[in-house]
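So the structure is just underneath, and the comments pick up after that.
The values are calculated or read from the model by the stated rules, or taken from the named source; none is laboratory data. Keep in mind the model is a prediction, meaning the values are calculated, not measured. Note: ideal-geometry Cβ built from the backbone for every residue, glycine included; neighbour counts use all protein chains shown. Side chains included, ligands, DNA and RNA excluded: accessible areas come from the protein's heavy atoms. Shrake-Rupley method; radii C 1.70, N 1.55, O 1.52, S 1.80 Å.
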Amino acid sequence: MLVEGPVEVVGEDGEVTVCDRFSVAVCTCRRSKIFPWCDTSHRKRAKRTTKDEDGTA
Amino acid sequence: MTTTTARRLSRRTVPALPEPRGPLSAAVMGLLRGERDVDVPSPAASEPYGDDLQLALYVLYELHYQGFDGVPDEREWDSGLLAVRGALEDRFLGALRADVPVGAGDSAWAALDELQVEPVDGTGSVSHFLRDEGTVAQLREYAALRSLYHLKEADPHAWVIPRLYGRAKAAMVAVEFDEFGGGRADEIHAQLFADLMTDLGLETAYGHYLDAAPAEMLATVNLMSLFGLHRALRAALVGHFASVEVTSSPGSRRLAEALRRVGAGAAAVRFYAEHVEADAVHEQVVRHDVIGGLLEEEPALEADVVFGIRATGHLEDRLADRLLAAWRDGRSALRSPERAGTAA
Ligand SMILES: [Fe+2]
Ligand SMILES: [Fe+2]
C-alpha cells in the first residue's frame, strides 16, 4: 500500500519507524523482511517461462 | 570503512578513451582524437550486439554524460559524429526490433505482470547464483561491470522528463528525485554505488571499468541511452524503466544477502538494501502513474512500452548468460581482469 511520505508507523509494541521518502510502500501482508515497509514479498511465486532479470534501478 | 574516509566523487574523473575493439570503434576513436580522413566502415558488416559496434556506440553516447579526456565538450553536437551515431543506432535498434517482436494488441500490463511473478527455481538469474554460491571475486566483478550504469544511475532516464507531461511527468520526476538522493548529495544512488565499490576495494573513478566490460554489458547501458535520447522512443524508455524497477526489489534483496554472506561492509550492503525498499515504491509509481499516465494521454504508444520491457529482458538475458557461463566455468567474466585490477 502506497502512502504519501514522510510516514511514521507505530508498531504494536509502540516502536516508531520513520521513512521520509516522497511515497512509502507500507507492508500489509506481514511477509516483508523489512516490515513495516514493503519488500515485494507478497508477490506470487510460480514457474516462469521467461528468465528472472537482475537489473537494479 | 567508507564512512570514516572522505568520499571521492567518481565524476571528478574524466576518463581516457578506451581501447578499440575492431574497425568501427577504431574509426570512432580516431574521429574523437581529431584525426583527419578517417574512413568509418558501414555498420552493416558489424555484429549488432558485438564488441566493436557496442563500444563505438557507447563512446559516442558518453559524450552526452561525462565525455573523455582530450575530447572537447563541444563535440557532443558534432554533426559528423551524430551521423555516425545514427547509423550505429539504426543497426542496434533494427536488431532489437527483429529479435523482440511486439504484436499489435500486446498489453503493457500483461508484460509487467509477467515480470512480477517470482520464479520458483531462479535458474539463469545472476542474483540467485550470487546469493547461493557467489564468491567475493564474482561479486566484485559484478559491481565493476554494473558500475558502467550505476555511476550514472538514473541519468539516462532524466532525458525523458521534457517528453512527458501531466501525471506521467509528475510521477517520473518524483521517482528520479528519489534516485538522485531526495535532495541529499550523500544519498544519490550513484554515490551509494561508489560507496559499495569502495567497500569492495574497487576503483570508483568514472569509466575505469569500460575496457573490462564485455559487449553484453555495454548493450544494456546503450539501450537506456538510445531510449533516453530519442523522443520517438519515450514510451520504450518508460517501459524499460518500469521493467527494471519491477524486478529490482527482489533481485536487490538477493544481492544484499550475497554481500552479507561474504562479509562485505555496511556500505556495500546498503546500496542493495536501499533498493529493496525504494524500488518497491518506484515500481508501483512507475506502473500506475508513469505508464498509466502516459498511456492515458497517448494510448498509441502501448506497443513501444511493451517493446521497451521486452528489449530490456532480451539484453539482460544475454548479459546473464555471459556472466553465468564464465563463473560456472571458473573463469573471470571481465575482458581484462588484470588491467581492471579486480583479480582476487
Ligand atoms: Fe536507484
Ligand atoms: Fe529505483
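I'd like the FRET efficiency for A:Cys29 and B:Leu229, computed as 1/(1 + (r/R0)^6) with the beta carbon distance as r and R0 of 30 Å, rounded to 0.05.
Here the calculated transfer efficiency is 0.15.
Determine how large the accessible area of B:Arg318 is when every protein chain is in place; take a 1.4 Å probe and give Å² rounded to the nearest 10.
That residue has around 80 Å² of solvent-accessible surface.
Based on the Cβ-Cβ distance from B:Tyr165 to B:Ala16, what FRET efficiency comes out when R0 is 51 Å, to the nearest 0.05?
Efficiency for this residue pair is about 0.80.
Using a 1.4 angstrom probe on the protein heavy atoms only, could you order B:Glu245, A:Glu12 from most to least accessible area?
Ranking B:Glu245, A:Glu12 by accessible area, largest first, yields A:Glu12, B:Glu245.
Enumerate the amide H contacts of A:Arg21 below 5 Å, restricted to partners 5 or more residues apart or on another chain; note that Pro and chain-start residues carry no placed amide H.
It is A:Val7, by chain and number.
Calculate how many DSSP beta bridges within the protein assembly as shown are antiparallel, expressed in % of all such bridges and rounded to the nearest 5.
Roughly 80 percent of the beta bridges in the protein assembly as shown run antiparallel, per DSSP.
What number, in percent, do you get for the relative contact order of chain A if the mean sequence gap of Cα pairs under 8 Å and at least 6 apart is divided by its residue count?
Computed over chain A, the figure is 25 percent.
Determine the dipole magnitude for chain A: charges of +1 sit on the beta-carbon of Lys and Arg, -1 on that of Asp and Glu, nothing else is charged, the reference point is the Cα centre, and the result goes in debye to the nearest 20.
660 debye
Residue by residue through region B:299-313, what is 3J(HN,Hα) from phi via Karplus (6.51 cos²θ - 1.76 cosθ + 1.60, θ = phi - 60°)? Round to whole Hz and write x for glycine and proline.
Coupling constants for region B:299-313: x, 5, 8, 4, 4, 6, 4, 4, 4, x, 5, 6, 5, 4, x Hz.
Report, to the nearest whole %, how much of the accessible area of chain A belongs to carbon and sulfur atoms, 1.4 Å probe, protein only.
C and S atoms contribute 52 percent here.
Can you pull the accessible area of B:Asp121 for me, 1.4 Å probe, Å² to the nearest 10?
Approximately 100 Å² for this residue.
Picking from B:Gly313, B:Gly50, B:Gly330, which is most flexible by a Gaussian network model of chain B using Cα springs under 10 Å?
Its mean-square fluctuation being the largest, the pick is B:Gly330.
Share of Cα-Cα pairs in the protein assembly as shown beyond 38 Å, in percent?
Tail fraction, whole percent: 16.
Could you check the spin-label model distance between B:Ser42 and B:Arg184? Points 7 Å from the Cα along Cα→Cβ, value in nm.
Output for this residue pair reads 5.6 nm.
Before anything else, pin down the relative contact order of chain B: Cα pairs under 8 Å, at least 6 apart, normalised by residue count, whole percent.
Rounded, it is 25 percent for chain B.
Just to be sure I understand: with springs between alpha-carbon atoms less than 10 Å apart, which residue in B:Ala267, B:Ala26, B:Ala110 has the highest mean-square fluctuation in the Gaussian network model of chain B?
Looking only at B:Ala267, B:Ala26, B:Ala110, the biggest GNM fluctuation is shown by B:Ala110.
Starting from the Cα gyration tensor of region B:10-99, take the square roots of the eigenvalues, sort them a ≥ b ≥ c, and report rounded, prolate or oblate (rounded when a/c is under 1.5, otherwise prolate if a/b is larger than b/c, else oblate).
Prolate.
Which of rounded, prolate or oblate describes chain B when judged by the alpha-carbon gyration tensor and an a/c cut-off of 1.5?
rounded
Taking 7 Å along the Cα-to-C-beta vector as the label spot, tell me the B:Phe177-A:Thr17 distance in nanometres, rounded to one decimal.
Computed distance between label sites B:Phe177 and A:Thr17 equals 2.4 nm.
Based on Cα coordinates alone, diagonalise the gyration tensor for region B:106-234, multiply each eigenvalue by 5, take square roots, and list the semi-axes in whole Å, largest first.
Rounded to whole Å, the semi-axes are 27, 21, 15.
Which residues does the label zone of B:Ala137 cover in region B:210-235, counting backbone N under 19 Å from a point 7 Å along Cα→Cβ?
Answer for region B:210-235: B:212-214.
Residues with beta-carbon under 14 Å from that of B:Gln66, excluding B:Gln66: net charge, scoring Lys, Arg +1 and Asp, Glu -1?
Around B:Gln66, the surrounding residues sum to -2.
How much net charge surrounds A:Phe35 when only other residues with a Cβ under 13 Å from its Cβ are counted (Lys, Arg +1; Asp, Glu -1)?
-2
For B:Phe193, B:Phe177, give the ranking by accessible area with the largest first, probe 1.4 Å.
Reading off the accessible areas and sorting them downward yields B:Phe177, B:Phe193.
If you take every residue apart from B:Leu202 with its C-beta less than 10 Å away from the C-beta of B:Leu202, what net charge results, scoring Lys and Arg +1 and Asp and Glu -1?
That works out to -2.
Under a Cβ-only charge scheme (Lys and Arg +1, Asp and Glu -1), can you give me the dipole magnitude of chain B about the Cα centre, in debye to the nearest 20?
So the dipole magnitude of chain B works out to roughly 640 debye.
How much accessible surface does A:Ile34 have with a 1.4 Å probe, in Å² rounded to 10?
In the full protein context, A:Ile34 sits at about 50 Å².
Taking 50 Å² as the minimum loss, tell me which residues in region B:106-133 lose that much accessible area going from the chain by itself to the full protein complex (1.4 Å probe).
Buried by 50 Å² or more upon assembly, which counts only protein chains, are B:Glu114, B:Val117, B:Glu118, B:Pro119, B:Val120.
With a 10 Å cut-off between alpha carbons and a GNM built on chain B, which of B:Gln54, B:Gln116, B:Gln191 moves the most?
Ranking B:Gln54, B:Gln116, B:Gln191 by mean-square fluctuation puts B:Gln116 first.
Taking amide H positions as placed in the peptide plane 1.01 Å from N, state which residues far from A:Arg43 in sequence (5 or more) or on other chains have amide H under 5 Å from it.
Those qualifying (amide H under 5 Å, at least 5 residues apart or on another chain) number zero.
How long, wide and thick is region A:1-41, going by the Cα atoms along their three principal axes, in whole angstroms, largest first?
Answer, in whole Å and largest first: 24, 23, 12 Å.
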